[in-house]
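Taking it in order: structure first as structure tokens, then the write-up.
The values are calculated or read from the model by the stated rules, or taken from the named source; none is laboratory data. All figures in this text were calculated on a predicted structure; none of them were measured in a lab. Here Cβ is always computed from backbone atoms with ideal geometry, including for glycine, and neighbour counts include all displayed protein chains. The protein model used for the area step is the full one, side chains on, heavy atoms only, and it has no ligands, DNA or RNA in it. Shrake-Rupley method; radii C 1.70, N 1.55, O 1.52, S 1.80 Å.
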Amino acid sequence: MKNKMKIRAWMDKGKTTVKAIIFHPMETGMRKDKKTGKKIPAHFITEVNCEHNGKTVLRCLWGPGVSKNPFISFRFSGAKAGDTLKISWVDNKGNSGSKEAKISA
Amino acid sequence: MQAKRRTLLQAGMAAGTVALAVSAGLLTPRAVMAAWPKQAFEARKLPLAMEALLGSDQPVNSPEVKVKAPDIAENGAVVSVTVTTTLPDVESISVFVPVNAFPLAASYELSDVTDGFVTGRIKMAKTSDVIAVVKAGGKLYSAKKGVKVTLGGCGG
């Protein structure tokens, strides 16, 4: 699986707005494979950590009820243009991924 | 003698794996300390899920919590939900869908610099309310919004 993620972060009226998409199947464990009739095992992101300068600004706890290729948007203060925002995730199979983005003006 | 040597080797390997996982950033110390709330996510009833996650299933309805979601969702697999709150000292925002097999969809822990605003996309099995519970200053506040789902997003 490709651990892909898209992050956009920008300054607006002194605050930082973040939008991110993590590409992940987010299988609930209840869907059936149409060909084999067997259940597709659950495979979903459990935790996402969003950090600015090493400080966690948002921690997401997710279950299988979050949509495929999860999208997240939030806002925080205390950052300036050029700072780095880091988002990292872990799923129920122990896979993980992370990406950094510069906060634009 | 032989058996003992085996055990030692296994113990050594197990410790090595954990160390490796930590160094690879898989197991951050934080993640180890505050684990994923398995019990809350696996609860099949709304009150149980809320109780397991937040310690109470009796949040107070508050006009200071707002849930923005579509009136009609054509595809229950992707329902965009935005929760905003003007309450001070927000600790967490959680989103529940009572009709889903697992009512707890997502929970967001906010820091002191994070605004009371979170958008995410969730799955909905069928027409239902989306309930947002905000934990602020140790108390629970909630709001809900009805979403009509024309095609469920959890089945197979």
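Contact order for chain A, expressed relative to its length and based on alpha carbon pairs under 8 Å spaced 6+ residues apart, stands at 33 percent. For the range A:5-102, the convex hull drawn through the C-alpha positions has a volume of 88 cubic angstrom per residue. Distance between the pseudo-spin-label points of A:Lys99 and A:Met11 (7 Å out from Cα toward the beta carbon): 2.4 nm. Total accessible area buried between chains A and B, 1.4 Å probe, in Å² to the nearest 100? What A and B bury together is about 3000 Å². Do any trypsin sites (Lys or Arg not before Pro) in the range A:21-64 lie in a loop, going by DSSP, with at most 10 other beta-carbon atoms within 10 Å of their beta carbon, and if so which? Hits after loop and neighbour filter: A:Lys34, A:Lys35, A:Lys38. Antiparallel DSSP bridges in chain A: what percent, to the nearest 5? So the antiparallel bridges amount to about 95 percent of the total. Among A:Ile87, A:Ile72, A:Ile45, the largest mean-square fluctuation in a Gaussian network model of chain A, built with springs joining Cα atoms closer than 10 Å, belongs to A:Ile72. Burial annotation for the range B:32-64: residues with an accessible-area loss of at least 40 Å² between the isolated chain and the complete set of protein chains, computed on heavy atoms with a 1.4 Å probe, are B:Trp36. In the range A:51-67, the residues that give up 20 Å² or more of accessible area when the other protein chains are added, compared with the chain on its own (1.4 Å probe), are A:Lys55, A:Thr56, A:Val57, A:Leu58, A:Arg59, A:Leu61, A:Trp62, A:Gly63, A:Pro64, A:Gly65, A:Val66, A:Ser67. Rounded, prolate or oblate: which fits the range B:37-149, taking a ≥ b ≥ c as square roots of the Cα gyration tensor eigenvalues, rounded meaning a/c under 1.5, else prolate when a/b beats b/c? Verdict is oblate for the range B:37-149.
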